[in-house]
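Reading through the structure tokens given below for one structure.
The values are calculated or read from the model by the stated rules, or taken from the named source; none is laboratory data. None of these values were measured; they are calculated from a predicted model. Reconstructed Cβ throughout: ideal geometry from the backbone, glycine too, with neighbour counts over all protein chains shown.
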Amino acid sequence: MREIAEGFAAALKMIARLDADLVQIVLLSVRVSLSAVILASLVALPLGAALAVFRFPGRRAVVVLVNALMGLPPVVVGLVVYLFLSRSGPLGFLGWLFTPAAMIAAQTVLVIPLIAAVARQSIAELWTEYEDELRSLGVGPLRTLATLIWDGRFALLTAVLAGFGRAAAEVGAVIMVGGNIAHVTRVMTTSIALETAKGELALAMGLGILLMAISLAVNIAAYAINEAARGRAAPEKA
Amino acid sequence: MSAILPLSVRGLTFRADGRALLDDVSFDVEPGGCVAIMGPNGAGKSLTLRLLHGLAAPSAGAVLWQGPRAAEARMHQAMVFQRPILLRRSAAANIDYALSVRGVAKAKRAERVAEALEQAGLAELRDRNARVLSGGERQLLALARASALNPEVLFLDEPTASLAPAAAKRVEQAIVAIHAAGTTIVMATHDLGQARRLADEILFLQDGRLVERAAASAFFAAPKSREAHAYLKGELL
Ligand SMILES: Nc1ncnc2c1ncn2[C@@H]1O[C@H](COP(=O)(O)OP(=O)(O)OP(=O)(O)O)[C@@H](O)[C@H]1O
Ligand SMILES: [Mg+2]
């Protein structure tokens, strides 16, 4: 009990004095997960929209596949990305293994299915509403996707933030392709795992607190954005 | 100069689940007219408009646009649905979007948007999100958006069905103005007074069949079919 209390106190002190290691780890985490979510969104939002709008043979199969991949274990993603990036792998020439780039790649792959699946659902709803009008106007396929993504942006932000949450909380994939190298590829989750194993509870708890704070902040942001979006839709008071 | 008219509808049939919702309907539409499709609920009025506009494909028969631009007929048409569909954007952005889709250059759009809002009496609502507009405002905006496209043919599905008299009157005035500017109008309506005021030709549908087709004056003076007779009597009660 005392150990925990002391660790907690030490953790708070580290946060308060902006401990250099701690700050570096947090910044790298945010950079990696943010990059991954942006890249994943560029693929997943159009993909989700296309799955909601276009009828093509095999569409159902793709939807089921995307939904199934949503629950993909991070270590499996780590393994696959590792194989691609390893020296003998097809992308080995990039020299990304054990760099932040590899971690971004792994998290991108990890969250594409999640973002695409959630996006598909909310775009499908919007499409039911818009379909007749867009067809009546004669909107082309690409513009249809762009219109749905833009007009559904508040709902889609929830999908993107869910993706960020999953990326930032994940350990298995980044540790495999990043290697958890001090000052280079050490992110919050991998550091927590390592420091706890070493018995260095102060840093682990400090990072744990910050990870929770970030996750909380992201959820509050998502909530606030949805409220704001609803506020815009509410009748104005005279 | 007509781009897509005249229109010939030949043997138009639409089946779903083995039921003929529209059965062997034929008629023509000449440029400049205002045609009202009348008939009881479920007669097939909305379905007919959707088939003419190309939003649904007939099971048999054909919708034949005969003007030189027939191949891209829908680009010369506009439709306002029974429940108007507005994008989740401002009133102005709704019109701007439609113009942009129909290839109106950006430089010309602002002026046409302002003009359309002005004509519809919606200038003050230009920046209001369309989702918060009242039923009457939605209907007027949808109509303003459709007419901003300068369509050769405008389809209207019960444009005043759920509106209070004042709003209905504004919508009717807008329709009259659009018609006067040369747009051919095909509208579904239940409102006898409205059909009388606006239409020059009536198509009377019942159970998916075209029961009667007549000049509006003749139709209201003395409908030839028993069904139309009963309908007019019923609606007037
Ligand atoms: N795609 C479809 N599949 C199955 N049934 C349909 C379809 N479209 C329309 N119907 C049916 O066809 C019939 C005619 O529908 P329609 O909407 O054209 O009627 P309407 O004359 O416009 O009626 P109202 O005055 O109530 O608007 C209805 O019974 C409707 O349920
Ligand atoms: Mg109808």
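In region B:207-237, what count of residues is obtained for those that are part of a helix (DSSP H, G or I) and more than 16 Å from ligand 2 (Cβ to nearest atom)? Please lay out each step first, then the result.
Step one: list which residues in region B:207-237 are part of a helix (DSSP H, G or I), which gives B:216-221, B:226-236.
Next, only the ones that are more than 16 Å from ligand 2 (Cβ to nearest atom) stay: B:216-221, B:226-230, B:232-234, B:236.
Going through region B:207-237 one residue at a time, the tally reaches 15.
State which residue is nearest to the chain's Cα centre (by Cα) when the search covers only region B:146-169 and only residues that are over 24 Å from residue B:30 (Cα atoms) and buried (at least 20 other Cβ atoms within 10 Å of the Cβ). Give the steps one after another, and end with the answer.
Here is the first cut: in region B:146-169, the residues over 24 Å from residue B:30 (Cα atoms) are B:160-169.
Add one more test, that the residue is buried (at least 20 other Cβ atoms within 10 Å of the Cβ), and what stays is B:160, B:163.
On the way: B:160: 11, B:163: 16 Å.
Per the criteria, the residue is B:160.
Of the residues in region B:22-71, how many are of a type in the set (Phe, Trp, Tyr) and under 24 Å from residue A:133 (Cα atoms)? It would help to see each step written out before you state the result.
From region B:22-71, those of a type in the set (Phe, Trp, Tyr) are B:27, B:65; that's our starting set.
The next check asks that each one be under 24 Å from residue A:133 (Cα atoms); those that pass are B:65.
The qualifying residues number 1.
Quick grid of which residues meet (1) more than 16 Å from ligand 2 (Cβ to nearest atom); (2) closer than 19 Å to residue B:156 by Cβ; (3) touching a Phe, Trp or Tyr at 6+ places or on another chain (Cβ under 8 Å):
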site: B:22; (1), (2), (3): no, yes, yes
site: B:29; (1), (2), (3): yes, yes, no
site: B:48; (1), (2), (3): no, yes, no
site: B:81; (1), (2), (3): no, yes, no
site: B:86; (1), (2), (3): yes, yes, no
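Hey, which of the helices (runs of 4 or more DSSP H) in region B:34-140, taking only ones fully inside, have at least 3 residues that are within 14 Å of chain A (Cβ to nearest Cβ) and touching a residue at least 24 places away in the same chain (Cβ under 8 Å)?
Numbers: elements: B:45-53, B:91-101, B:106-119.
Of the helices (runs of 4 or more DSSP H) lying wholly inside region B:34-140, those with at least 3 residues that are within 14 Å of chain A (Cβ to nearest Cβ) and touching a residue at least 24 places away in the same chain (Cβ under 8 Å) span B:45-53, B:91-101.
Identify all residues within region A:151-160 that are closer than 11 Å to residue A:49 by Cα and facing chain B (nearest Cβ under 9 Å); write none if there are none.
The initial filter retains those residues of region A:151-160 that are closer than 11 Å to residue A:49 by Cα, namely A:152, A:156.
Of everything in region A:151-160, just one residue is closer than 11 Å to residue A:49 by Cα and facing chain B (nearest Cβ under 9 Å), namely A:152.
Kindly check whether there is at least one residue in region A:38-55 that is out of contact with any His (no Cβ under 7 Å at 6 or more places or on another chain), at pLDDT below 95 and either closer than 22 Å to residue A:171 by Cα or part of a loop (DSSP other than H, G, I, E, B) (or both). Reasoning before the result, please.
Filtering region A:38-55 down to residues out of contact with any His (no Cβ under 7 Å at 6 or more places or on another chain) leaves A:38-55.
Applying the additional criterion that residues be at pLDDT below 95 yields A:55.
Retained after the next criterion (residues that are either closer than 22 Å to residue A:171 by Cα or part of a loop (DSSP other than H, G, I, E, B) (or both)): A:55.
There is at least one residue in region A:38-55 that is out of contact with any His (no Cβ under 7 Å at 6 or more places or on another chain), at pLDDT below 95 and either closer than 22 Å to residue A:171 by Cα or part of a loop (DSSP other than H, G, I, E, B) (or both).
Kindly indicate whether any position in region A:89-99 is assigned to a helix (DSSP H, G or I) and buried (at least 23 other Cβ atoms within 10 Å of the Cβ).
So in region A:89-99, the residues assigned to a helix (DSSP H, G or I) come out as A:92-94.
Then keep just the ones that are buried (at least 23 other Cβ atoms within 10 Å of the Cβ); that gives none.
Checked region A:89-99: no residue is assigned to a helix (DSSP H, G or I) and buried (at least 23 other Cβ atoms within 10 Å of the Cβ).
Tally time: how many residues in region B:170-201 are in a strand (DSSP E or B) and either more than 16 Å from ligand 2 (Cβ to nearest atom) or within 18 Å of residue B:5 (Cβ to Cβ) (or both)?
If we filter region B:170-201 for residues that are in a strand (DSSP E or B), which is where we start, we get B:184-188, B:201.
Keeping just the survivors that are either more than 16 Å from ligand 2 (Cβ to nearest atom) or within 18 Å of residue B:5 (Cβ to Cβ) (or both) gives B:184-187, B:201.
Qualifying residue count for the region: 5.
Residue B:204 passes all but one of (1) away from ligand 2 (no atom under 16 Å from the Cβ); (2) buried (at least 22 other Cβ atoms within 10 Å of the Cβ); which number fails?
Here residue B:204 meets the rest and fails (1).
Just to be sure before I move on: is residue A:108 outside any helix (DSSP H, G or I), modelled with pLDDT of 95 or more and touching a helix residue (DSSP H, G or I) at 6+ places or on another chain (Cβ under 6 Å) in the structure I sent? Reasoning before the result, please.
Details: outside any helix (DSSP H, G or I): no; modelled with pLDDT of 95 or more: yes; touching a helix residue (DSSP H, G or I) at 6+ places or on another chain (Cβ under 6 Å): yes.
The answer is no for residue A:108.
Which of the residues that make up region A:185-203 are free of Cβ contacts under 8 Å to residues at least 24 places away in the same chain, assigned to a helix (DSSP H, G or I) and of a type outside the set (Lys, Arg)?
First pass over region A:185-203, keeping only residues free of Cβ contacts under 8 Å to residues at least 24 places away in the same chain: A:190, A:192-200.
If we keep only those that are assigned to a helix (DSSP H, G or I) as well, we get A:190, A:192-198.
Answer for region A:185-203, where residues must be free of Cβ contacts under 8 Å to residues at least 24 places away in the same chain, assigned to a helix (DSSP H, G or I) and of a type outside the set (Lys, Arg): A:190, A:192, A:193, A:194, A:195, A:196, A:197.
Applying the selection to region B:151-174, what residues are within 16 Å of ligand 1 (Cβ to nearest atom) and either more than 14 Å from chain A (Cβ to nearest Cβ) or of a type in the set (A, V, I, L, M) (or both)? Explain how you work it out, then say what you get.
Taking region B:151-174 as the starting set, the residues that turn out to be within 16 Å of ligand 1 (Cβ to nearest atom) are B:155-163.
The answer is B:156, B:158, B:159, B:160, B:161, B:162, B:163.
Of the conditions (1) within 14 Å of chain B (Cβ to nearest Cβ); (2) in contact with a Leu (Cβ under 9 Å, 6 or more places away or on another chain), residue A:203 fails just one. Which one is it?
(1)
Of all residues in region B:21-55, how many are among the small types (Gly, Ala, Ser) and away from ligand 1 (no atom under 11 Å from the Cβ)? Walk me through how you get there before you give the answer.
Initial filter on region B:21-55 (among the small types (Gly, Ala, Ser)): B:26, B:32-33, B:36, B:39, B:42-44, B:46, B:54.
So of that shortlist, the ones also away from ligand 1 (no atom under 11 Å from the Cβ) come out as B:26, B:32-33, B:36, B:54.
Counting residues in region B:21-55 that are among the small types (Gly, Ala, Ser) and away from ligand 1 (no atom under 11 Å from the Cβ) gives 5.
Name the single residue, out of those in region B:12-33 being without any contact (Cβ under 8 Å) to a residue 40 or more places away in the chain and of a type in the set (Gly, Ala, Ser), that is farthest from the other protein chains (Cβ to nearest Cβ).
B:18
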